[in-house]
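Below: the structure, in structure tokens.
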Amino acid sequence: MFNTIIIGAGYAGLVLAERLASQQNQKVLVIEQRQHIGGNAYDRFDEYGVLIHEYGPHIFHTRSKEVWHYLSQFTEWYYYEHRVLTKIDGKEVPIPFNLNTINEVFPKEMAERIQQKLVSLLGYNVRVPILKLREQGDEDLKFLADYVYDKIFLNYTLKQWGIGPEELDPTVTGRVPLYISRDDRYFQDKYQGLPKFGYTEMFKKMLDHPNIHLMLNTKFQDVMTISESGHMLFGQTFEGHIIYTGSIDELFDYTYGELPYRSLRFEYDTFNVEYKQTVGQLNSPNGYDFTRITEFKHLTGQMHSKTTLAREYPEEYVRGENTPYYPIITEENQEKYKQYKKLADSLTNVHLVGRLAEYKYYDMDAVVAAALKLYNKLK
Ligand code: FAD
């Protein structure tokens, strides 16, 4: 008999399964609708033997010592630091837009003047969301903000989300910063890297415990129900805890309608050369339907005579047809989420955690931290 049933074998579900089984000696059942573990961080070798990320490029980075040390029990690391170039008027320049980028796109005198103003008014080694930069009273900085907004942000955002930046929550638009620094790494977190043998290998190690039973290719609805009193059942009965990491609207059969997501489509190309790009990610804010091209070998450190790249096309999410990737965080959608959250709070034995269950953009480290927090609460 199981003590806990976990729905979803992504980061959130796997961390809880591992902790409950190894630390509390609980018998845990993990139910996953896909034919593999790992959720959206799943990786695999393609037909040419190149390691790719099936659901889009995943770069691990965190400031949390606790999260880094926790995952380090299950993997060694390839110490990768992400660098991104973006195309502006045919030229490839580093982003986040930083002091080096300014040197590359503006004439020398103008670049120096803008750099000085940025540093004296806003400081050094600070990230400023471009929407905030626009609000400064200085003409040069306004010009710079408008330049970044028009050349990088606007079209990328329109492509990525299918709606204008002003309709999105600032937590999303704030993700596109201007960085007042010469450090052109995409992330500045203390801990950065990818699992040395891939995410899936790390996940396998997490599940490698006799107390954990895995049920793939199974939707929770096939084996579970919710009773009238708000108790979630496995078969006829179930006395233990349920941890739910799937979509919160799906849990309640879309009673209040669907929570909208943005989806993505990936097109892969493999070439008979070691590398195609100088960096792992090349963004195309303007001029193409795709937003970015990822060359996986830069990220994974894999040695191979061929290389595989993925072009990423944002598209509308249609339930049953493609994958829900990014929650579309608008006021209206947050209100709908709150209605579902109320229903979830009334369930007697169910705990919700993860990006789908909380309708939230979570980086991998944040979802690990959230799962560890829930574990500490449960134990
Ligand atoms: P998921 O990984 O989605 O896992 C949920 C699991 O539940 C899935 O396996 C799903 O199949 C299963 N499930 C759902 N419904 C049911 C059901 N009815 N029955 C049974 N099972 C069900 N984060 C970073 O830190 N760095 C990055 O570079 C990065 N890149 C990203 C790129 C893209 C394109 C996307 C979309 C996300 C990226 N992320 C990145 C975020 C990262 O993917 C998430 O933080 C992480 O996957 C969340 O884990 P989770 O367990 O909450 O959700």
Relative contact order for the stretch 275-379, counting Cα pairs under 8 Å that sit 6 or more residues apart, in percent: 15
Peptide ranges 117-124, 323-330, 185-192, 364-371 listed from the most packed, as the mean C-beta count within 10 angstrom indicates: 364-371, 323-330, 185-192, 117-124
For peptides 145-152, 107-114, sequence by mean Cβ density within 10 Å, most packed first: 145-152, 107-114
For Val84, residues with placed amide H under 5 Å, excluding near neighbours: Ile95, Tyr186
Radius 9 Å from Cβ of Thr75, net charge of other residues (Lys, Arg +1; Asp, Glu -1): 0
Accessible area expressed per residue, the chain, with surrounding protein chains retained (probe 1.4 Å, Å²): 47
In Å², nearest 10: area of Met215 left accessible to a 1.4 Å probe: 60
Estimated FRET transfer efficiency when R0 is 22 angstrom, pair Leu121-Leu154 (beta carbons, to 0.05): 0.40
Efficiency of FRET between Asp189 and Lys276 - r from beta-carbon atoms, R0 22 angstrom, step 0.05: 0.25
Long-range amide H partners of Ile243 with built H, under 5 Å: Ile5, Ile6, Ile7, His351
Extension gain (nm, one decimal) between Leu378 and Gln236, 0.36 nm per residue minus Cα-Cα: 48.7 nm
Entries of Lys190/Lys373; Lys132/Lys373; Lys159/Lys204; Lys91/Lys159; Lys65/Lys196; Lys219/Lys338 with Cα pairs more than 27 Å apart: Lys132/Lys373; Lys159/Lys204
Taking the chain and dividing mean pair separation by its residue count, relative contact order in percent (alpha carbons under 8 Å, at least six apart): 26
Relative packing of peptides 290-302, 36-48, 260-272 - highest average C-beta neighbours within 10 Å first: 290-302, 36-48, 260-272
Highest-fluctuation residue, Gly280, Gly164, Gly235 considered, GNM on the chain with Cα pairs under 10 Å: Gly235
At 1.002 mPa s and 20 °C, Stokes D of the stretch 2-50 from Kirkwood alpha-carbon radius, µm² per second: 182
Extended-chain gain in nm, criterion 0.36 nm per residue less alpha-carbon gap, Lys27 and Lys196: 57.9 nm
Helical contribution to [θ] at 222 nm, DSSP H n ≥ 4, -39,500 (n - 2.57), averaged over the chain, rounded to 500: -9000 deg cm²/dmol
Positive-end residue of Tyr261, Thr225, Thr157, charge dipole of the stretch 146-287 with Cβ unit charges: Thr157
Under the Karplus curve 6.51 cos²θ - 1.76 cosθ + 1.60, θ = phi - 60°, whole-Hz ³J(HN,Hα) for the stretch 356-361, x wherever Gly or Pro sits: 7, 6, 9, 6, 8, 7
Accessible-area composition of the stretch 1-135, carbon plus sulfur, in percent [1.4 Å probe]: 46
Estimated dipole of the stretch 95-180 in Debye, rounded to 20 [Cβ of Lys and Arg +1, of Asp and Glu -1, Cα centre]: 220
Dipole axis of the chain (+1 Lys, Arg; -1 Asp, Glu on Cβ), positive-most option in Leu71, Thr308, His53: Leu71
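The values are calculated or read from the model by the stated rules, or taken from the named source; none is laboratory data. Model, not experiment: these values are computed from the prediction. Virtual Cβ from ideal backbone geometry, glycine too; neighbours counted across all protein chains shown. Just the protein is used for accessible areas: all its heavy atoms, side chains included, with ligands, DNA and RNA removed. Shrake-Rupley method; radii C 1.70, N 1.55, O 1.52, S 1.80 Å.
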